[in-house]
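K.L.:
Here you go, one structure.
A short reminder: the numbers here are calculations on the coordinates, not readings from a lab. Note that the structure is predicted; figures quoted are calculated from it, not measured. All Cβ positions, even for glycine, are placed from backbone atoms using ideal geometry, and neighbour counts span all protein chains on display.
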């Protein structure tokens with residue numbers, strides 16, 4: 001009986017057991033032709049803005065996202081994500097559960113700043129290895145808020161923002177035409193145009209614009225809001241007919257096999 | 001029970017069992033730990049490994065020292081005493097304990113983190129041998 005048969009105390013959370021092995025495999029792999037599985041890389045454009053505060057003082061907000069990475073964190077703060085898709089999704093699910101628990105234990109509706117702080121602390125703890133860039137928006141008793149959260153844990157409170165690989169194009173449109181206090185339709189139009197700019201300029205961002213409007217009463221997802229580009233249709237059939245290529249010669253070589261040894265094993269059928 | 005303070009429990013390297021020429025295969029389990037190399041023993045395999053290993057301890061250290069500065073020595077002393085008392089409530093060595101008292105004291109009962117989702121210890125695929133683990137725990141091994 002060896003001390004080694006006592007397994008280490010199991011701990012929850014991330015396990016780094018295979019990191020050394022993976023590093024060694026990658027290093028030796030080039031020699032023997034081992035290729036590690038590659039992640040599938042696509043792109044995203046997400047954007048958000050805050051629109052009109054009405055005269056009665058009831059604030060509204062809007063969040064536009066693409067593709068379908070919106071995970072609703074309760075009915076109030078909602079989050080859309082870019083970066084590593086799995087990381088963003090897991091993080092927002094964790095956020096959603098924790099906000100629910102927090103609001104149950106404090107007996108109050110959750111605030112957007114709480115969600116932002118939670119995300120910020122979580123992402124900073126992992127020093128950017130969790131590659132989730134998120135736009136968090138919502139309406140709480142203090143008003144509408146919009147935060148952009150980067151993978152290393154930095155956040156900023158903004159009236160409009162965009163993230164993802166198509167962010168540059170989208171932010172250009174937003175910066176040009178954003179005015180504080182826009183109407184809902186105007187805001188939706190501006191966001192759709194910003195995302196469209198991202199779609200058209202960025203190879204990775206896809207083809208649909210989905211919108212999520214967050215108000216005091218909850219979040220409403222409009223999917224798809226607009227499809228600025230659709231997959232092109234081919235003009236004709238480019239397949240060759242069977243028999244297009246003429247057969248010039250044909251040579252058949254029979255492969256003769258010689259029976260060397262024959263064994264018969266009886267199988268017990270009971 | 002480790003009676004030293006929190007500060008000295010913080011680990012700055014990942015310990016690996018030493019070699020012993022006397023065992024049949026030595027103490028080094030190649031299947032579980034891979035081939036030996038000095039670099040593997042000294043450096044962590046992932047930048048986050050050390051920081052994650054020490055995260056709870058560092059957080060406790062920071063919180064308790066802040067508490068000591070604000071409220072005096074007795075507050076962190078009392079809390080640490082309660083933590084140690086709650087940590088001693090365990091089942092038999094090879095059975096997983098839910099640590100419900102410890103979680104409630106720490107406030108983990110209304111939080112969900114990665115340690116609850118990933119690698120749940122109650123669903124660990126590795127089981128130790130009961131007799132060996134009891135002997136190890138009692139210090140007889």
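K.L.:
I need to check one value: relative contact order of chain A, counting alpha carbon pairs closer than 8 Å and at least 6 residues apart, in percent.
P.N.:
With pairs under 8 Å counted, the relative contact order is 21 percent.
K.L.:
Now for a separate question. Over all alpha-carbon pairs of the stretch A:88-218, lay out the pair-distance distribution in 5 Å bins, whole %, shortest bin first.
P.N.:
2, 10, 17, 21, 19, 17, 10, 3, 1, 0
K.L.:
Return A:189, B:125 ranked ascending by Cβ neighbour count within 10 Å, so the fewest neighbours appear first.
P.N.:
B:125, A:189
K.L.:
I would also like to ask the following. Taking the 0 to 90 degree range and rounding to the nearest ten, how far is the long axis of helix A:85-106 tilted relative to the main principal axis of chain A, both from C-alpha atoms?
P.N.:
In chain A, helix A:85-106 runs at an angle near 40 degrees to the longest axis.
K.L.:
Additional query: Residues of B:47-59, mean number of Cβ from any other protein chain within 10 Å of their own Cβ, rounded to a whole number?
P.N.:
Per residue, the number of nearby Cβ atoms from other chains is 3 on average.
K.L.:
Would you look at the GNM of chain A, springs on alpha carbons closer than 10 Å, and say which of A:92, A:196, A:106 moves the most?
P.N.:
A:106
K.L.:
Sorted from fewest to most neighbouring beta carbons within 10 Å, what does the list B:55, A:34 look like?
P.N.:
By the 10 Å Cβ count, ascending: A:34, B:55.
K.L.:
How far is it, in nm, from the label point at residue B:78 to the one at residue A:253 when both lie 7 Å from their Cα along the line to the Cβ?
P.N.:
If labels sit at residue B:78 and residue A:253, their model points lie 9.2 nm apart.
K.L.:
Something else now. For residue A:89 and residue A:9, what is the calculated FRET efficiency with R₀ set at 41 Å and r taken between the beta-carbons, to the nearest 0.05?
P.N.:
0.85
K.L.:
For labels at residue A:42 and residue A:157 in the simple 7 Å Cα→Cβ model, what's the distance in nm?
P.N.:
In this crude label model, residue A:42 to residue A:157 measures out at 3.5 nm.
K.L.:
A follow-up question, please. I'd like the FRET efficiency for residue A:186 and residue A:216, computed as 1/(1 + (r/R0)^6) with the beta carbon distance as r and R0 of 30 Å, rounded to 0.05.
P.N.:
E between residue A:186 and residue A:216, to the nearest 0.05, is 0.95.
K.L.:
Oh, and also: Once label points are set 7 Å from the Cα along Cα→Cβ at both residue A:229 and residue B:123, what is their separation, rounded to one decimal in nm?
P.N.:
So the two model labels end up 4.1 nm from each other.
K.L.:
How crowded by other chains is A:113-125, given as the mean number of beta carbons from other chains within 10 Å of each beta carbon?
P.N.:
1
K.L.:
Once every DSSP H run of n ≥ 4 in chain A is given -39500 (n - 2.57) and the sum is divided by its residues, what mean residue ellipticity at 222 nm do you get, rounded to the nearest 500 deg cm²/dmol? Can you show the working numbers first?
P.N.:
Details: 5 runs with 79 residues, N = 270.
For chain A, the value works out to -9500 deg cm²/dmol.
K.L.:
Please check which bits of the stretch A:110-124 a label hung off residue A:101 would reach, taking the label as a point 7 Å along Cα-to-C-beta and the cut-off as backbone N under 17 Å.
P.N.:
What the label zone holds, given the 17 Å backbone N cut-off, is A:110-111, A:114-123.
K.L.:
Fewest first, what order do A:248, A:49, B:50, A:222 take by the number of other Cβ atoms within 10 Å?
P.N.:
Going from least to most buried by this count: A:248, A:222, B:50, A:49.
K.L.:
Which of the three applies to chain A, rounded, prolate or oblate, going by the alpha-carbon gyration tensor with a ≥ b ≥ c and a/c under 1.5 meaning rounded?
P.N.:
oblate
K.L.:
Does the stretch A:136-177 classify as rounded, prolate or oblate by the C-alpha gyration tensor (a ≥ b ≥ c root eigenvalues; a/c under 1.5 gives rounded; else a/b over b/c gives prolate, otherwise oblate)?
P.N.:
Oblate, because a/c is 1.5 or more while a/b does not exceed b/c.
K.L.:
So, one more: Can you give the FRET efficiency for residue A:261 and residue A:35, using 1/(1 + (r/R0)^6), R0 = 56 Å, r = Cβ-Cβ distance, to the nearest 0.05?
P.N.:
Plugging the Cβ-Cβ distance into 1/(1 + (r/R0)^6) gives 0.90.
K.L.:
With a ≥ b ≥ c taken as the square roots of the eigenvalues of the C-alpha gyration tensor of the stretch A:142-270, please select rounded if a/c is under 1.5 and otherwise prolate if a/b is larger than b/c or oblate if it is not?
P.N.:
Prolate, because a/c is 1.5 or more and a/b exceeds b/c.
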